[in-house]
Structures are given as C-alpha cells and as structure tokens.
Amino acid sequence: MTAPAEDAEPGTAGPVVGTRRMVALAVEYVAIFFVVAGAFALAKVPGGPIPVLVVLAVGSVFYLRHQPDFDRRDFWRPAPLRPALPSMLALWSLAAVVGVLAIYLYSPSMLLDLPRQQTWVWLAVIVGYPVFSVYPQELVFRAFLLHRYAPLFRTPRRSAAASAAAFGFAHILFGNVLAVALTLVGGWLFARRYQRTRSLLTVCVEHAGYGLLIFTIGFGRYFYHGTR
C-alpha cells in the first residue's frame with residue numbers, strides 16, 4: 001500500500017491517462033451516477049435505496065482495497081476529526097438556526113413533526129441513519145468517486161463539483177427540488193472536507209449532523225417518504 005503525499009488531496013490528478021481512458025471514465029461516470037441513478041428513481045424499486053446503496057458501498061470498498069494508490073486509513077482516520085470540529089459546529093449551528101426559522105415561517109406545524117408525531121421512527125433514524133445511509137453514501141460519493149475519477153476531473157475543485165453533482169442528482173428519487181438543492185450544497189461541502197482531511201469518519205460525522213438536523217427539525221418528509 002502506498003500512502004499519498006501529505007499535501008495530496010483525493011481528487012487530485014494522478015498519472016496522465018490517454019484519451020480513450022478519459023472518454024471511458026467520462027462515459028462510466030455519467031452512466032453510473034446519472035443514467036442508472038435516474039432509472040432507479042423512475043423505477044420506484046420496492047425497499048427504497050438503502051439495500052442498493054449498501055451493495056454499492058461494499059463494491060466500493062472492494063475496489064478501493066485493491067488500488068495500490070489508495071490509502072486504506074482513509075476509510076476511517078479519526079485524527080482529523082477533533083481539529084475540524086470547531087468549523088463544522090459553527091457551520092452546523094448556522095444551518096440549524098436558518099432551518100428552524102425557515103420552517104417556522106413557512107409552516108410552523110412542520111417544526112419537530114417527526115420526533116413529536118412518530119417518535120419511534122425518529123429514534124430509529126437517529127440510530128440507523130449514520131450506519132446504513134451516511135457511511136455507505138460517503139464510501140460511494142466521496143471515497144470511490146473522488147479516487148476513481150481523479151484522472152478525469154484533474155483538480156480537487158472539479159472533482160468536488162463532480163461529487164456534488166452526482167450526490168445531488170441521486171436525490172431526485174425523493175421527487176422534490178429541495179432535496180436536490182440541499183444535497184448539491186452538502187455534496188460540495190462533504191467532498192471538500194474529505195479532500196482536506198482524508199477522513200471518512202470526519203465527513204460522516206458532518207454528514208450525519210446535517211441529516212439528523214433535517215429529520216429532526218421538520219424537513220424529513222422531503223428526504224424520506226416514511227416520515228410523511
């Protein structure tokens with residue numbers, strides 16, 4: 001296993017590849033993250049996205065473990081979490097204030113509706129969401145995507161944009177603009193965090209924080225049909 005240079009970021013171009021390889025990667029990226037994701041959303045597969053997401057996450061782990069230029073410590077890497085917490089908490093607090101205010105002004109009855117009306121569902125989300133949704137998503141949309149397509153997008157910012165676009169588009173399955181818009185922003189934030197920390201643990205903590213905030217304050221109905 002070859003460890004990356006200390007100043008390297010996932011999504012930074014690796015070895016130069018030929019035109020055919022670049023075209024193949026571009027076609028693959030579009031096919032997996034837009035064509036297949038769009039077809040899945042249209043098909044309305046019973047059981048929701050979690051089973052498929054877990055399968056994709058397992059495939060991502062298998063792929064990455066066999067890449068000599070991927071540092072397996074990136075699957076967890078706890079050290080960057082503590083230094084990143086102040087900025088993460090500051091941004092999360094701002095989002096919480098804006099989110100609560102928006103719900104209160106738009107539809108006060110939605111505020112805290114899930115914990116108030118479906119407490120057991122909310123508790124199940126609190127426990128299960130980070131494990132069965134957040135970590136698999138970060139494996140696929142951050143660790144796999146940023147590593148696999150680094151030669152295609154060449155720079156960290158382009159790679160982060162590609163990650164955000166794929167992440168946002170995947171949420172069309174919930175059938176509303178808000179889910180796509182918020183996950184576009186979140187996708188960029190999580191991709192840049194991963195590029196800077198190389199820590200899926202850190203990104204998962206941040207991702208879970210926003211997700212649980214959404215489900216708690218009243219936006220859950222836009223991200224999970226079972227909360228309606």
Pair list, Cβ < 7 Å and 6+ apart or interchain, from region 187-200 residues that are in a loop (DSSP other than H, G, I, E, B) to residues that are surrounded by 21 or more Cβ atoms within 10 Å (Cβ to Cβ) and at pLDDT below 95: 198/10
Residue in region 187-198 that is more than 15 Å from the chain's Cα centre (by Cα) and over 17 Å from residue 81 (Cβ atoms) present: no
Matching residues in region 167-181 - criterion: being surrounded by fewer than 22 Cβ atoms within 10 Å (Cβ to Cβ) and either farther than 26 Å from residue 70 by Cα or in contact (Cβ under 8 Å) with a residue 40 or more places away in the chain (or both): 169, 172, 173, 174, 175, 176, 177, 178, 179, 180, 181
Members of region 103-125 found to be under 25 Å from residue 203 (Cβ atoms) and free of Cβ contacts under 8 Å to residues at least 12 places away in the same chain, listed by number: 123, 124
Long-range neighbours under 9 Å by Cβ, at least six apart or interchain, first residue buried (at least 22 other Cβ atoms within 10 Å of the Cβ) within region 131-148, second modelled with pLDDT of 95 or more and among the basic types (Lys, Arg): 142/193
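Residue-wise test of (1) part of a helix (DSSP H, G or I); (2) at pLDDT 95 or above; (3) surrounded by fewer than 17 Cβ atoms within 10 Å (Cβ to Cβ).
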residue	(1), (2), (3)
27	yes, yes, yes
33	yes, yes, no
46	no, no, yes
55	yes, yes, yes
62	yes, yes, yes
67	no, yes, yes
Breaking point among (1) more than 21 Å from the chain's Cα centre (by Cα); (2) modelled with pLDDT under 95, for residue 22: (2)
Residues satisfying the stated conditions in region 11-20, i.e. surrounded by 13 or more Cβ atoms within 10 Å (Cβ to Cβ) and more than 21 Å from residue 75 (Cβ to Cβ): 13, 17
Matching residues, region 201-228, being assigned to a loop (DSSP other than H, G, I, E, B) and hydroxyl-bearing (Ser, Thr, Tyr): 224
In region 169-186, residue nearest to residue 85 (Cα to Cα) [restricted to those that are more than 10 Å from the chain's Cα centre (by Cα) and β-branched (Val, Ile, Thr)]: 185
Residues of region 201-228 that turn out to be without any contact (Cβ under 8 Å) to a residue 24 or more places away in the chain and within 15 Å of residue 134 (Cβ to Cβ), as a count: 0
Those helices (runs of 4 or more DSSP H) lying entirely in region 98-147 with at least 3 residues under 17 Å from residue 51 (Cβ atoms): 119-129, 135-138
Conditions (1) surrounded by 16 or more Cβ atoms within 10 Å (Cβ to Cβ); (2) in a loop (DSSP other than H, G, I, E, B): number failed by residue 78: (1)
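The values are calculated or read from the model by the stated rules, or taken from the named source; none is laboratory data. Note that the structure is a prediction, hence the values are computed from the model and not measured. Because the Cβ atoms are built from the backbone with ideal geometry, glycine has one as well, and the counts that use them run over all protein chains shown.
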